Amino acid sequence: MTWVDLGFGVFGDLLKRGHVPNTKIFNSLVDGLCSEKRVSEAAMMFDRMSLMGCQPNVVSYNALIKGLCSTGNMGLAMELHQKMATLGGCCKPDVVTYSTIIDYLCKEGAVNKALKLIDEMTHAGVAPNVCTYTSIIHGHSTLGHWKEAVTIFKEMVDQGCSPDVVTFNILMDSLCKHQKTAEAHKLLDLMNERGEKPDLISYAILVQGYCHESRLVDARKVFDSMSSKGLSPNCHAYSALINGFVKNQKMDEAMELFKKMQQQGLKPNVVTYRTLLDGLCHLGRVEDVGSLLDEMVAQGIHPNVITYSSIICGFGRLRKWKEAFQFLNEMIEQGIHPDIVTLSSLIDFICKEGKI
């Protein structure tokens, strides 16, 4: 039984005692049902309000609109929004109404529709807030439109709306993915200037960005600066820098950082191990691959099909057939079935080598 079900128990008891539930009670039930994706029941409860002489208000509509959006019923959510605009009064759409719909439109990639809705809300005298702008920036970023994301960010600041750490992180990540990590770094500085404290994600984004641009010195500087800001690098930050070292053939530095990570009490995840295994395979360090796999298992992290495929393909590229088939057999013995990618790659390498 959920809290919503318990709420309905209290609701039923109120009715038995002859009490008329108020708008706040109905709103809580509608919101609760929507949070559990029970949107059809929420819609029935919404309709029941009027029948019981309790008129829905903007909070009621917002709760149901959020439920509809979260279950992919954008058409119905838009219809409800239009109904609110027609009714006006206590049902007039507010910043929450607009921001909710805009957020879900952007998540669906319909940024142009979201922008039209921003124009509509502005003309209706409803000012966009940080959530509204952040949704648009995220929508543009997801589509790879970093220039448009920057434009919205500037508009946001010009309108006197202060970006929060989430806004900054989304835009920084977008810039880094387009090899503009230096520009993203300026945003980190701007964040500090505006009194908005960067978090672990902010720094990890920059570390990853600099690594992708092979600017390892800059990546290391950002990584090391975290401690001076009172932040301890997490698994994601370590893994990003380790990946940078591996991709730039600096395995000794990667392994050193890996050991430091463990000394700090952080537990590497399967991605961290796979990154290191890729690097060791690329260098043909068979014994080190075996040792790292053993350590991985000892830590309770079992290699999956992707891990083994990476190792097998790595040795295949180096024409180390004995080692490749050794790990293929180990994979099968562990009850992990090779996928089509593993087998296709292995067959391709063997054919190119003229073994068939």
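Quick notes on this structure:
- Residue check, ASP288 of a type in the set (Asp, Glu) and in contact with a Gly (Cβ under 9 Å, 6 or more places away or on another chain): no
- Pick from segment 175-198, criterion in a loop (DSSP other than H, G, I, E, B), modelled with pLDDT of 95 or more and of a type in the set (D, E, K, R), ranking: nearest to LEU143 (Cα to Cα): LYS177
- Hits in segment 307-356 - residues which are at pLDDT below 75 and of a type in the set (S, T, N, Q): SER345
- Top-ranked residue in segment 39-56 [being surrounded by fewer than 18 Cβ atoms within 10 Å (Cβ to Cβ) and either touching a Phe, Trp or Tyr at 6+ places or on another chain (Cβ under 6 Å) or touching a residue at least 24 places away in the same chain (Cβ under 8 Å) (or both); ranked as farthest from THR86 (Cα to Cα)]: MET52
- Any hit, segment 173-196, residues being more than 22 Å from ILE152 (Cβ to Cβ) and either touching a Pro at 6+ places or on another chain (Cβ under 8 Å) or buried (at least 19 other Cβ atoms within 10 Å of the Cβ) (or both): no
- Here ILE336 fulfils each of the conditions (1) touching a residue at least 24 places away in the same chain (Cβ under 8 Å); (2) within 30 Å of ASP224 (Cβ to Cβ); (3) outside any helix (DSSP H, G or I) apart from (2).
- Hey, CYS106 closer than 19 Å to ASN62 by Cβ and either aromatic (Phe, Trp, Tyr) or under 17 Å from the mean Cα position of the chain (by Cα) (or both) or not: yes
The values are calculated or read from the model by the stated rules, or taken from the named source; none is laboratory data. Worth saying up front: this structure is predicted, and the values here are computed from it rather than measured. Virtual Cβ from ideal backbone geometry, glycine too; neighbours counted across all protein chains shown.
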